[in-house]
Structures are given as structure tokens and as C-alpha cells.
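Data block below; observations after.
None of the figures in this text is laboratory data; all of them are computed from the coordinates on show. Since this is a predicted model, take the numbers as computed values, not measurements. Counting neighbours? That spans all protein chains shown, and the Cβs are built from the backbone with ideal geometry, glycine included.
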Amino acid sequence: MQEPVLSISSTGRFLLKPPVAHFLFIICCVGFVLAKLPYMQLPYYWDEAWVYAPAIQEMAAAGPSLAPDAIPAELTRGHPLLFHFLGGLWASLLGTSILSLHSYALCISLLLLLSIYTILSRRFNEVAGLLGVILLCVQPLFFTQAVLVLPEVLLSLLLLLSLDAYAQQKWWRYVFFASGAVLTKETAVALFAALTIHSLLVFVKQRNNAQQQLLTLIRINIPLFVLAVFLLWQKAVRGWMFFPYHLELMNLDMQFIAHQFLHYFNFIFVYQGRNILSALLIIAAVFAYRRQFLMLTEQKRLSVIFGIFTLVFLFLCVVNFYSGRYVLVLVVLLCMTTAFLTTQLLANRLLLILSFIVLPFPSLFNLISHPGKDDSERGYADAVAVLQQATGWLTLPEHSTQSLYAPFLMKNALTDKRQGYLNEARPRANVTGDRTLAEYVALSSFETGEELELLLRDTVNFEVLRTFEINQAKLVIASRKKK
């Protein structure tokens, strides 16, 4: 008699046979890749347009290196260069085309999905692994970031592997992944603060040997020396450790911090359909506590570590300017925690199957019905299409000689072929940052929303020539009226 695909464990939970679960995981990944194919050759957008994609192109041309001065500071922005280094290696082998660099980003995203599946399957079961992967795949934030040339997916991957290695006390593995994380982006320092807090809490609770505790703290913070070496090296060759412009953006005002905290908290736990994940996570946690639900020691350890890291990383983000993509790793941990708590608590076959429909649905609905226009929403593709249309119109011979006022995105699209918008057209001359000198003005809803509304209302001085609009992405080109 053939064994059932879905079986019941000794604890009463339903389990998938590993070969079946692995096959379903592969199907999920293939489906995700197919869904991302239309995005693979889109021109670059926002921070991938400037600075990450040009930085990797420059890295490939100069030769891959982790040295702070391997490429110009205006491209590194003072960040550690592991993401650029790996991208440079990739581009050296497969070229610097848009398709190549987006494929580099997609491969990192698939490694993140594989890591989630592996960690949850090993610590809990394959059902939890599959649910965690599906929950992340339908998150608009991850769906968008998966092919963008940005470091957050790599950072999330390395931080997750570091947390898992620490939970297992696999120190060589931990040092390797944590060093990689801190060489990807400085915000990885939240890892060392969180794990130091966790280690001290364990020491207070268990009263371990003080000498052993000191050794643990040293091991946790070894990767900080890697970051210190990079920063001192950067100080020697640049004259500064941190990019001066980035330091100016930090704000320690309590009102600003409170506003940022609320904004980030809502984005992580409420927006993009994640409210149901957060609600069910709270319900599952309360239910588990009331039932005195038993998890293995390592499972409990991983859960607590995830929680402490989430708080520390969130508080680190609130002193900087807001960007939804910065907290991708916390969305990853939210999906994983919801997945393993749900599958551990459900002992009913029907409820378990329903969880694979009910939990992803709100985020999937948001992904489909609310495209948006930011680089944390799939509607960025609409903004890219609008930029392509406007670039094509502004580089026509009859429009290319007039002086043009254009903000950051439009200016780069028109003047830098590396962005992917010009194709065979020549970079446009007469692009100015002084609106008073321009004959044409190009403004968009995804870059200068308020300024665009003022332009549309100023019918005395300007006349609208062309409007390009797709969903929530709108770009207007107006000419100054002659007096």
C-alpha cells in the first residue's frame, strides 16, 4: 500500500513527505521566476538607477574588489562593498546588461527562499517551510525587491543565516555569515546588539559560567572587527568613515523618532496585507501560551532571537530617513514566525490546508489590486514605463533642443545611458536643475507629487504639452508660456 503524501506525526501534526515538499518548493520557485520575467529587462529605478547598478558596472570595469576606494565615493556612498563585489564578479562573467544584473538580484532572492525553506523544514517541518516561502513570495515588498539591483535581499539572506547559525551555536558559520552581512550594509550592526542582549538574558536566567559567557560575547562581536577594519581603511583613503551626506540625514529628535517608528511599524505589521499575519501571530502566541504549547528548546530559542532582533533592528532604522525596503529582513522574519507558529498549532487537516489560502490572500490581493509606484511596490514598473515614454518624447529632434527642468529620476534617464532609458537615442543636452531657466518642465507623481500639482494649477505660466499616465504613475511635460 502506497504511503500517504500527507501524514500525521506522533504529536498530532500533519507532515509532508520530504520528496513531495521539495518538489512543491521547486514549483513555487519556478512560478515565482515566471512571475518576475516581465520585470527582468526594465530600466533601473530609483536607488538601483543611481547608485547601485552603475556602481556594479564600474566595479566590473575596474575589477572586483572590497577596497573602499575600488570605485568612486559617489557610487559607493560609503557603504561596505560585498554586494558590489559579488555583482562585479557576476558582471565580469555574464556582462553588465540590465538582464544580467537583474538576474544577479533574482538569484540572491532564490537563495533567500531556499534558506527560509531549509531553516523552517529543519527546525519545524516541511509544511512550515512551504508556508513561509509562499507568504514571502506574495509580499509586495519582496516581490518587487526580488529583481531590483539593491542590497537589501542579500542583507536579509546573510542576517537570517547568521541568526540561524547563532541559534545552533555554530560559531564558524556565524562569523562567516555575520561578517558578510556587515560588509553588505552597516545596519547589520543590529545583529550584534540583538545577540548580545539575548546572550546576557540567557546568562542572567541560567547563571552560566562567567568565563564561558565572556567567550560567547567575544564570538558574537568578532564580525564587528571586520567592519572596523573597513571603516578605518575608508578613513585612511577617503578621510571619513561614513559618507558625510548620510550622516546629515540622521535625526535623533524624539518627535522624528516617534513618527518614524509608527511609520515603520505600520509598514511591517499592517500595510500590504500583513495585518492578518500580525493578528494571527498574536492569536497563535497567546493560544500557545495558554495551552502551555511545547516547542523544542532550539525552536523556542530561534523564536526569541527573532523577536529581539526585530526590536533592535526597528529601533536602529527609526533614526534614519524612511524607506520601506530597509526593513525587508523584518518582513522575512514575520512571514517565517507566522508560518511555524501556525503549522505547529494546527492539528486539523482542513485548517492546515486553509491556512495556505487564507494567510497569503490579503498580501496577494494587495499585490494585484494596489500596484503603487514606489520601489517597494510592483507598480514601480508603471513608473518605469512612464519614464520610458517621456524619455522617448523628450529626445525627439523637435523637443531635444529646448532647455528642460527635470528632477533626479528624469534627469538621469535622459543623460545617463547606463540607466537603460535612452536605447539608441543620444543623451539629452540642456537639462537644468534651475526651473526658472527652463523652457520645458517635466514632473511626475512618483518623484515630485506636490510640485506636479502646483504645476498643473499654474495655467498662467505653463501649458501642458504631454501627459503620460499608467495606473498611479503620472508624468507631465509642460512648456513655459511666452509673455
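Report the local net charge at His22: Lys and Arg +1, Asp and Glu -1, summed over other residues whose C-beta lies under 15 Å from its C-beta. Result for the neighbourhood of His22: +1. Just want the answer: with Cβ charges of +1 for Lys and Arg and -1 for Asp and Glu, which residue in Phe309, Phe321, Ala473 is farthest toward the dipole's positive end in the chain? It is Phe309. Of the peptides 305-317, 138-150, the ranking by mean beta-carbon count within 10 Å, highest at the top, reads 138-150, 305-317. Charges were assigned to the Cβ only: +1 to each Lys and Arg, -1 to each Asp and Glu. The resulting dipole of the range 283-403 about its Cα centre is roughly 780 debye. In plain terms, if you count all Cα to Cα distances in the range 391-444 and split them into 5 Å steps from zero, the share in each step is 4, 23, 35, 26, 10, 2, 0 percent. Convex hull volume of the Cα atoms of the range 6-369, normalised per residue: 152 Å³. Sorting the segments 469-476, 186-193, 350-357, 64-71 by their mean number of nearby beta carbons within 10 angstrom, highest to lowest, gives 186-193, 469-476, 64-71, 350-357.
Farthest toward the positive end of the dipole of the chain, out of Leu101, Thr196, Ser444, is the Cα of Thr196, where the dipole comes from beta carbon charges about the Cα centre. Going from the residue with the fewest nearby Cβ atoms within 10 Å to the one with the most, Arg274, Arg466 rank Arg466, Arg274. Only Lys, Arg, Asp and Glu carry charge here, each on its Cβ (+1 for the first two, -1 for the last two); on that basis the range 380-480 has a dipole of about 300 debye about its Cα centre.
Net charge in the neighbourhood of Leu452 (other residues with Cβ under 14 Å of its Cβ; Lys, Arg +1, Asp, Glu -1) is -1. Count Lys and Arg as plus one, Asp and Glu as minus one, and take only other residues whose Cβ is under 14 Å from that of Ile308; the net charge is then +3. By how many degrees, 0 to 90 and rounded to 10, does the Cα axis of helix 152-167 deviate from the longest principal axis of the chain? On a 0 to 90 degree scale, this one is about 20.
When only the Cβ of Lys, Arg, Asp and Glu is charged (+1, +1, -1, -1), the dipole of the chain relative to its Cα centre reaches about 1280 debye. Against the main long axis of the alpha-carbon atoms of the chain, helix 254-269 sits at an angle near 70°. The angle between the Cα long axis of helix 349-358 and the longest principal axis of the Cα atoms of the chain comes to about 20 degrees, rounded to the nearest 10. Going from the residue with the fewest nearby Cβ atoms within 10 Å to the one with the most, Asp47, Asp253 rank Asp253, Asp47. By the beta-carbon count within 10 Å of each Cβ, the least crowded to most crowded order of Lys36, Lys17, Lys205, fewest first, is Lys205, Lys17, Lys36.
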